[in-house]
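Engineer: Handing you a structure now.
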Amino acid sequence: MKPLRVGVVGVGHLGQHHARILASLPNVELVAVADSRPEQAQAVAAKVGTRAVDDYRELIDQVDAVSVAVPTVLHREVAGAFLSRGIAAMVEKPLAGSLAEAEQLVALSRSTGAVLQVGHIERFNPALSVLQDAPIRPRYLTAERLSIYTFRSTDIGVVFDLMIHDIDIVLSLISAPVRSVAAVGASLFGDHEDVANARIEFEDGTVANLTASRASEAATRKMRIWGAEGYVSLDFAAKQATVVRPSDAFLAGQLDLEGVDLSQAAEIKEHLFGKVLRVDKVQTTGREPLALELEDFVAAVRGDSRPRVSGEDALRAVRVADQILRSLDAHRWDGDNASVAPLSHASEAASVLRGPHALRLNKSTAVRKHFER
């Protein structure tokens, strides 16, 4: 089999791992890595045994596929340059920094036939696979994705940075169209929202309540799913799951409490979550999700399969994220008489509650360059 020639554009915090994995895949030739910081490109290239270039455009005539891990505001420019030439692109999430740019990338992929895959890596988290063995039709979902402020991805807010993961997962589980979106947010460190909560209602009545924060003291990545068939709690960080389902007797309308001392809470709990309800705790195992994701991309480029997260899939998530931002912009806090015009997500600040000491890190060129992804 002829080796697939690939390149990586952007080898910072995430991109260097793309280079590491692609360099190790069989029948894949990592032609070069590109980064606007020559010293960074050269350091990563030396580690993975390839060459470094300063300008990503040098790769266009040299590769069959590219992995793009540059800051979000550059996704349209960089990925678009390859897609327009019919070169497959794997783009880190989110697909783009705005709905218009995301639509343009998908349109380019369609017009040239080039594979477009997006790095929604939680789709490859083994905890999510528990749902295959415990099929539950989601009716109500909640998600918490909390992080400390890392000083990365300051070109976007927490909705496009973190919540987009859970939006994508929810949309992969629910086929019904979105009926309505309501959201609120708060800005603490920059021009964009750092904390956000969104309630998404679907046409079939399903409701998803998503919370994301990059201003938290501790990190959390959890999702809870309720349905008529039972309940599932997913811990993406620990790769664990808890599945709770009604027993056959309970489904048959039997609730035997004989011998249970109802004055003892511990005894009630033991009976409820043992005989009335079945509780299964699952510790999942598996390979590095990013490796699985990049292998999926390579297979899709070779025509062996469809990308697990295609450009169209990611565009759906961006559309919902855009609705969330519009709802967040439209919200007004009681007593807040400040006149703030709604602005596009990719430009300036969203209309969110601002902390009294909110920093404006996005306007700091030094900070932006230092923490480029």
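Engineer: Check each of the trypsin sites (Lys or Arg not before Pro) in segment 55-111 and keep only those in coil by DSSP with at most 16 other C-beta atoms within 10 angstrom; list them in order.
Structural biologist: For trypsin sites (Lys or Arg not before Pro) across segment 55-111 that sit outside H, G, I, E and B with at most 16 neighbouring Cβ atoms in 10 Å, the list reads Arg85.
Engineer: What are the GluC sites (Glu not before Pro) within segment 255-330 that DSSP puts in a loop, where the Cβ has at most 12 other Cβ atoms within 10 Å?
Structural biologist: Loop-located and lightly packed - Glu258.
Engineer: Could you tell me which of the pairs Lys222/Lys269; Lys2/Lys239; Lys2/Lys222; Lys239/Lys275 are separated by over 30 angstrom between their Cα atoms in the structure shown?
Structural biologist: Beyond 30 Å between Cα atoms: Lys2/Lys239; Lys2/Lys222.
Engineer: So, one more: Could I get the Rg over Rh figure for segment 248-337? Both from C-alpha atoms, Rh via Kirkwood, rounded to two places.
Structural biologist: 1.28
Engineer: Mind grabbing the accessible area of Asp296 for me, 1.4 Å probe, Å², rounded to tens?
Structural biologist: Here the residue's solvent-accessible area equals roughly 30 Å².
Engineer: Just the number, please: carbon plus sulfur as a percent of the accessible area of segment 101-189, 1.4 Å probe, no ligands or DNA/RNA counted.
Structural biologist: 53 percent
Engineer: A further question on this structure: Go ahead and run the numbers for FRET between Arg85 and Phe151, Cβ-Cβ distance against an R0 of 51 Å, rounding to 0.05.
Structural biologist: 0.90
Engineer: What do you get for GluC sites (Glu not before Pro) in segment 177-222 restricted to DSSP loop and a cutoff of at most 11 other Cβ within 10 Å of the site's Cβ?
Structural biologist: When the GluC sites (Glu not before Pro) of segment 177-222 are filtered for loop state and at most 11 Cβ neighbours within 10 Å, Glu217 remain.
Engineer: Near the amide H of Ser153, under 5 Å away, which other amide H atoms are found, from residues 5 or more places off or on another chain, if H is placed in the peptide plane?
Structural biologist: HN-HN under 5 Å from Ser153: Arg373.
Engineer: If you don't mind, another one. For segment 207-214, in order, what is each residue's ³J(HN,Hα) by Karplus, 6.51 cos²θ - 1.76 cosθ + 1.60 with θ = phi - 60°, in whole Hz (x at glycine and Pro)?
Structural biologist: The phi angles translate into 10, 10, 10, 10, 10, 9, 8, 10 Hz.
Engineer: List every residue whose amide H lies under 5 Å from the amide H of Glu29, counting only residues 5 or more places away in sequence or on a different chain, with H placed 1.01 Å from N in the peptide plane.
Structural biologist: For Glu29, the qualifying residues are Leu4, Arg5, Val6.
Engineer: Excluding ligands, DNA and RNA, what is the solvent-accessible area per residue of segment 193-298 at a probe of 1.4 Å, expressed in Å²?
Structural biologist: In whole numbers, segment 193-298 has 54 Å² accessible per residue.
Engineer: If amide H atoms are built 1.01 Å from N in the plane of the peptide, which residues on other chains or at least 5 residues away come under 5 Å of the amide H of Lys239?
Structural biologist: The answer is none.
Engineer: P(r) of segment 191-283 in 10 Å steps, Cα pairs, percent per bin?
Structural biologist: Histogram of Cα-Cα distances, whole percents per bin: 13, 30, 30, 20, 6, 1, 0.
The values are calculated or read from the model by the stated rules, or taken from the named source; none is laboratory data. The structure presented is a predicted model; accordingly, all values stated were derived computationally and were not measured. Cβ coordinates were reconstructed from backbone atoms using ideal geometry, including for glycine residues, and neighbour counts include every protein chain displayed. Just the protein is used for accessible areas: all its heavy atoms, side chains included, with ligands, DNA and RNA removed. Shrake-Rupley method; radii C 1.70, N 1.55, O 1.52, S 1.80 Å.
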